[in-house]
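Novice: Structure provided below as structure tokens; questions to follow.
Computed from the coordinates by the stated procedures, all read-outs in this text should not be read as laboratory data. Worth saying up front: this structure is predicted, and the values here are computed from it rather than measured. All Cβ positions, glycine included, derive from the backbone under ideal geometry; neighbour counts span all protein chains shown.
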Amino acid sequence: MFDDFKAQFILNFVAEDRWRYLANGLLVTLKLTFFAVILGLVLGFGIAFVRNVHANTGKLKILDFLCGLYLTVIRGTPVVVQLMIIYFVIFGSVRIDKSLTAIIAFGLNSAAYQAEIFRSGIQSIPKGQMEAGRSLGFSYFQTMVNIIMPQAIKNVIPTLLNEVITLLKETSVAGYIALEDLTKGGDIIRSRTYSAFMPLLAVALIYLIMVIILEKLVKVIERRLKKNEK
């Protein structure tokens, strides 16, 4: 049995340096996740800010409507469908790097969820904080930036990290646009060796290790935040 396992391991990973498909795919997956998270943070924060301003002041009505429509569409459709629409429809007639397309798709998807995370964080701050800021002579915007948002961001950091974990796993569908991410790397090995178990198990283990590391990071940050509150 050990000899058979060893033979399969050599066939799938050692022969012809097939392990490189997983290594290169992992780098692509990490790149997609990192830049999609950054894009999602920027857009999500902006959407949350607009919706909160409208809820409290009644201003930015058109922007709030557009943001609400965006959230409904993005949260209501599968990310793989969004990815294919962006690649095959929106950028179908334009030569654009596949990685950039995937970053845009995953970033737009993540932004919808991060926006709600930010909004819930803002709403968790007592209204007295806003009133206190305004009584000190701050404008609504200054109060949001200097008083409300620092507290809100601190409250939602663990939830944002959980969204990063979700996004990391969602990037596994990047192969639908022929992007050689980690999952696609395992699939390429499978197509060369006609052995599905070993390469797919390796892909699953790599994802599992990354998720466990991120979950540990979330717990560490949560403990530190609780200590700072004491």
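Novice: For the stretch 128-135, in order, what is each residue's ³J(HN,Hα) by Karplus, 6.51 cos²θ - 1.76 cosθ + 1.60 with θ = phi - 60°, in whole Hz (x at glycine and Pro)?
Specialist: Rounded to whole hertz, the list is x, 5, 5, 5, 5, x, 5, 5.
Novice: Listing 50, 220 from the residue with the fewest other Cβ atoms within 10 Å to the one with the most, what is the order?
Specialist: Fewest to most other Cβ atoms nearby, the residues stand as 220, 50.
Novice: Right, something else. Charges on Cβ only, +1 for Lys and Arg, -1 for Asp and Glu, centred on the Cα centroid of the chain; of 174, 54, 19, which one is farthest towards the dipole's positive end?
Specialist: Selected residue: 54.
Novice: Would you calculate the separation in nanometres between label points at residue 151 and residue 219, each defined as 7 Å from the Cα along the Cα-to-beta-carbon direction?
Specialist: 3.0
Novice: Taking the Cα centre as origin and putting +1 on Lys and Arg beta-carbons and -1 on Asp and Glu beta-carbons, what dipole magnitude results for the stretch 148-213, to the nearest 20 debye?
Specialist: 100
Novice: Which net charge results when you count Lys and Arg as +1 and Asp and Glu as -1 among the other residues whose beta-carbon is under 15 Å from that of residue 204?
Specialist: +1
Novice: Scan the chain and report its longest stretch carrying no chymotrypsin sites (Phe, Trp or Tyr not before Pro) that are both in a DSSP loop and have at most 16 other Cβ atoms within 10 Å.
Specialist: Formally, the longest exposed-site-free interval is 1-137.
Novice: Placing +1 at every Lys and Arg Cβ and -1 at every Asp and Glu Cβ, with all other atoms neutral, what dipole size does the chain have around its Cα centre, in debye to the nearest 20?
Specialist: The dipole of the chain has a size of about 740 debye.
Novice: Would you work out which of 83, 137, 164 lies farthest towards the positive end of the dipole of the chain? Charges go on Cβ: Lys and Arg +1, Asp and Glu -1.
Specialist: 137
Novice: Taking the Cα atoms only, what angle lies between the long axis of helix 61-75 and the longest principal axis of the chain, rounded to 10 degrees?
Specialist: 30
Novice: Based on alpha-carbon atoms only, what is the radius of gyration of the chain relative to the globular estimate 2.2 N^0.38 Å?
Specialist: 1.26
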